[in-house]
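The values are calculated or read from the model by the stated rules, or taken from the named source; none is laboratory data. Since the structure is predicted, the reported quantities are computational estimates derived from the model, not experimental observations. Neighbour counts run over all protein chains shown; Cβ positions are idealised from the backbone, glycine included. In case anyone asks, the SASA skips ligands and DNA or RNA and just uses the protein heavy atoms, side chains included. Shrake-Rupley method; radii C 1.70, N 1.55, O 1.52, S 1.80 Å.
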Amino acid sequence: DRLEAALARYDRRRRAEIRRIQRAAHYSAQWYENLPRYMDLSPLEMFTLLGKRHSRLLPHIPPRLYYQVGHAIERLPSPGVFRRGSKAR
């Protein structure tokens, strides 16, 4: 019984890991298959989006808009900055 349970746990874990790897491979293949969609971007924009190719949203949003929104979000201060700045002195 213990051996069967251990093998079943191992099988579930391995299958979950395989699904994760297959999902990542799917997004990479999708990005490369749609490479002409990104050809008008600057090199910085293109390589930034290459790093974001596993996003579920990227295939559905114009690439330049996705880049600009992501860039704007990265420039926002972290929520902790607001918290620290709101304390009375």
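Before moving on, here are some points about what is shown:
- Pairwise FRET efficiency - residue 24 versus residue 73, Cβ, R0 = 25 Å, nearest 0.05: 0.65
- Taking Lys and Arg as +1 and Asp and Glu as -1, the other residues whose beta-carbon sits under 13 Å from that of residue 8 total +3.
- Relative contact order, percent, the chain [alpha-carbon distance under 8 Å, six or more residues apart]: 23 percent
- Stokes-Einstein D in µm²/s, Kirkwood radius over Cα pairs - the chain at 37 °C with 0.692 mPa s viscosity: 198 µm²/s
- Heavy-atom surface analysis with a 1.4 Å probe gives region 20-71 a carbon and sulfur content of 62 percent of its accessible area.
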